[in-house]
Structure formats: structure tokens, C-alpha cells
Amino acid sequence: MFDVQVRAGKPLDVLKLKGIDLGEVRDYAGFLETTAARLYGAGADIRRMTQCPLCHALLDGVAVELAVFGVPYLRCGGCGHVGVGARPKPEVLDEVFAESEAHSSTYIDHSAIETRMTQIIAPKLDWCLEHCQRRTGKSPRTVLDVGAGGGHFLAGAQRRGLAVEGFEKSRASRAFAQEAFGLELREDDFLSAGGAPVDLITFWGLLEYVAQPRDFIVAALRRLSPDGMLIVEVPRVDSLGTMVQGMEGAVIARHMDPTTHVNGFTDASLCTALVDEGFVPVAAWYFGMDAYETCVQAALRADDPRLFDVLADFIPVIQQALDRGRQCDDIIVAAVPAR
């Protein structure tokens with residue numbers, strides 16, 4: 001048993017952040033479907049997963065949870081983890097994300113910088129600092145962000161006086177971080193890179209992209225100071241958002257996207273990996289965009305964006321209920337070294 005501080009819900013004006021343009025959603029979903037056909041279609045070099053990457057249980061005979069663009073996601077019978085059952089080589093997926101500006105579009109939008117900084121980055125940074133203070137009695141002085149995107153979190157941390165370092169594979173995102181924030185993100189491999197110990201390591205939406213999430217957890221333990229903290233944000237599969245995307249005719253433009261998100265987590269799968277690799281979970285934050293996703297799918301099915309005018313006020317109310325009931329599509333976990 002662990003003493004875990006739990007928060008549910010995060011205020012977010014998703015309409016201001018995302019807007020709603022059904023044409024853009026369909027276009028991006030079409031781009032993802034075309035990319036998936038190239039990665040997983042006839043003649044593609046894909047390899048079947050034989051073990052769960054989180055708990056290492058055998059995957060023989062396990063159930064298909066859902067299929068997106070014809071790509072099956074399998075559910076582990078041990079920890080409940082959901083992942084693409086047959087995948088391209090990791091370097092192939094890495095190259096797709098590194099070279100695709102379209103995949104990075106959410107993180108390199110100049111017009112959304114201040115909205116992202118105030119509505120997403122500031123609350124997450126506050127939460128991190130709160131739990132570092134609660135655990136160690138002091139604020140972190142150094143932060144390392146792996147999969148840093150456009151550098152927003154590091155920019156927020158730097159503004160508060162932290163020394164920052166970041167890794168990012170996407171060429172477009174590294175260029176954006178330099179242009180928007182003056183940050184030089186590293187493009188080398190975090191798993192083999194050295195460096196001095198740091199107080200805080202963050203994986204914001206990283207582990208769903210990688211073939212072996214536990215390798216990154218192991219590498220984080222090596223880089224953390226003895227009283228440091230690891231923050232991990234991942235998509236949750238046991239959520240309304242996932243179920244809606246599993247419906248016939250769903251248009252997939254986020255969340256369960258096999259061109260990048262080859263892993264979908266359960267609370268058990270993430271915590272199994274953390275504990276097995278030497279961490280103790282100390283805090284969790286449940287929230288999501290399930291209500292927004294449901295309204296997007298409804299508007300797409302009806303081909304009527306005016307549905308948002310009718311349903312917009314319901315989005316935060318429905319999402320609050322989902323967050324409190326742990327049926328949301330996102331979670332952040334804070335963990336500290338067990339030693």
C-alpha cells in the first residue's frame with residue numbers, strides 16, 4: 001500500500017485551446033490514417049509483441065480492445081495495459097515523429113502559446129512544485145523534461161528560476177522551442193545520455209510513444225538526485241474517451257492514434273512499471289478531455305459544428321464527473337525513488 005495524494009479535475013477552456021473546425025479534424029484524421037496505412041499496411045515491416053511492455057506478461061491469446069485505422073490494440077491479461085499488438089521497429093516510429101511537422105502541430109502553434117502557458121503549463125508546474133515541497137520540504141532547483149515538445153513546460157519552469165534541460169526528437173518542435181523561448185533542446189538519446197543529477201524529471205505524454213516505457217523509467221532513476229521526483233503523464237485507456245473512439249465510424253485525431261500512441265495505460269500498468277523499477281508513487285492527478293472528445297464525435301457524425309453551441313456548457317460539468325469517477329483519459333503520477 002502507498003500513501004498517494006489524489007486530485008481529480010483540472011479547469012480547462014478546451015474550446016479556447018482547441019476550437020472546433022470539423023474540416024480540420026477530418027483532415028488531420030485523414031493524415032493519421034494515411035500514415036497508419038504506410039506504417040502498418042501491406043508490405044510494412046511490423047513485428048508482433050509477445051510480452052506486455054509494462055508487466056512482461058505473455059500476450060498469447062489476449063483480447064483485442066479496439067482497432068484504430070485497422071490497427072488492433074491488445075489488452076494485457078495481467079496489468080490491463082493496452083498497446084498496439086504488432087508494431088514497426090522503434091526507429092521507424094521515431095523517424096516518423098522526428099520528421100513530421102504535422103504530428104507536432106499542437107506543440108508549435110504560436111497563436112496558442114499564452115493559452116497553453118496559463119491553462120496547461122502553470123497548473124502542472126504548480127502541482128509539481130507543491131508535491132516536491134510536500135515530499136522534501138524544498139523546491140526543486142533543476143528540471144529535466146524528456147519529450148519536451150515545443151519547450152513550454154521548460155519555459156514556465158525557467159521563468160520561476162529553475163535551471164532547465166530538455167530532450168526532444170521532433171525537429172519542428174526543437175526549432176519552435178528555440179524561436180519562441182530561446183531554448184536549446186537536445187536531440188540525442190536520453191536513454192544513453194549522461195548528465196548531472198537533477199531534482200525533477202518530467203515525462204509529459206512521452207511513454208505512450210515508446211516501445212519500452214520501462215527503459216525510460218530506469219534511465220530517470222539514474223539521473224535523479226536521491227531526493228528527486230519523477231512526473232509521468234500518460235493517456236488512460238479505461239475512459240469514456242477511449243470507448244467513444246472505439247465506436248463504429250469514429251474519427252480519430254487524438255488519444256488512441258497508432259501512428260504515435262502505441263501504448264495506452266491503466267493505473268495498474270503504470271504503477272507496476274514504476275514500482276518494479278524502483279519508484280514509489282506519491283501523488284496522482286486525474287483529468288481528461290473525454291467530454292470534448294464525445295462532443296467532437298457527435299458533431300462529426302451529425303456534420304453540424306453548431307452542436308458545440310448547444311453542448312459547450314455541458315463539457316466541463318460532464319468532465320468533472322468523469323474525473324471524479326476515474327473514467328477520464330489522462331493521469332499524472334508523481335513518484336520518488338524507493339531507496
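Of note:
- Given (1) farther than 30 Å from V218 by Cβ; (2) open to solvent by 30 Å² or more (accessible area, probe 1.4 Å), number of the condition G41 does not satisfy: (2)
- Inside the stretch 113-145, residues that are under 20 Å from P281 (Cβ atoms), in a loop (DSSP other than H, G, I, E, B) and without any contact (Cβ under 8 Å) to a residue 24 or more places away in the chain make up a count of 1.
- Within the stretch 252-274, the set of residues being of a type in the set (A, V, I, L, M, F, W, C) and crowded, with 18+ Cβ neighbours inside 10 Å comprises I252, A253, M256, V262, F265, L270, C271, A273, L274.
- Residue count for the stretch 275-313, restricted to those that are out of contact with any Lys or Arg (no Cβ under 8 Å at 6 or more places or on another chain), open to solvent by less than 30 Å² (accessible area, probe 1.4 Å) and farther than 17 Å from G246 by Cα: 4.
- A residue that is hydroxyl-bearing (S, T, Y), without any contact (Cβ under 8 Å) to a residue 40 or more places away in the chain and part of a loop (DSSP other than H, G, I, E, B) cannot be found anywhere in the stretch 158-177.
- For the criterion of being modelled with pLDDT under 95 and either surrounded by fewer than 21 Cβ atoms within 10 Å (Cβ to Cβ) or in contact with a helix residue (DSSP H, G or I) (Cβ under 8 Å, 6 or more places away or on another chain) (or both), A163 fails.
- Residue list for the stretch 191-215, filter: of a type outside the set (D, E), surrounded by fewer than 23 Cβ atoms within 10 Å (Cβ to Cβ) and more than 16 Å from A334 (Cβ to Cβ): L191, S192, A193, G194, G195, A196, P197, Y209, V210, A211, Q212, R214
- Check on T242, among the polar types (S, T, N, Q), under 19 Å from V82 (Cα atoms) and in contact with a helix residue (DSSP H, G or I) (Cβ under 6 Å, 6 or more places away or on another chain): no
- Take the conditions (1) of a type outside the set (D, E, K, R); (2) touching a helix residue (DSSP H, G or I) at 6+ places or on another chain (Cβ under 7 Å); (3) modelled with pLDDT of 95 or more; (4) buried (at least 19 other Cβ atoms within 10 Å of the Cβ); V25 misses just one of them, which is (3).
- Any pair with Cβ under 9 angstrom, 6 or more apart, that starts in the stretch 236-264 at a residue that is more than 20 Å from L39 (Cα to Cα) and free of Cβ contacts under 8 Å to residues at least 24 places away in the same chain and ends at one that is among the charged types (D, E, K, R) and open to solvent by less than 40 Å² (accessible area, probe 1.4 Å): M243/D290
- The set of residues in the stretch 135-160 being under 18 Å from S225 (Cα atoms), modelled with pLDDT under 95 and not polar (S, T, N, Q) consists of R135, G137, K138.
The values are calculated or read from the model by the stated rules, or taken from the named source; none is laboratory data. Please read these numbers as outputs of a predicted model, since none were measured by experiment. All Cβ positions, even for glycine, are placed from backbone atoms using ideal geometry, and neighbour counts span all protein chains on display. The area values use the complete protein model at the heavy-atom level, side chains included, leaving out ligands, DNA and RNA. Shrake-Rupley method; radii C 1.70, N 1.55, O 1.52, S 1.80 Å.
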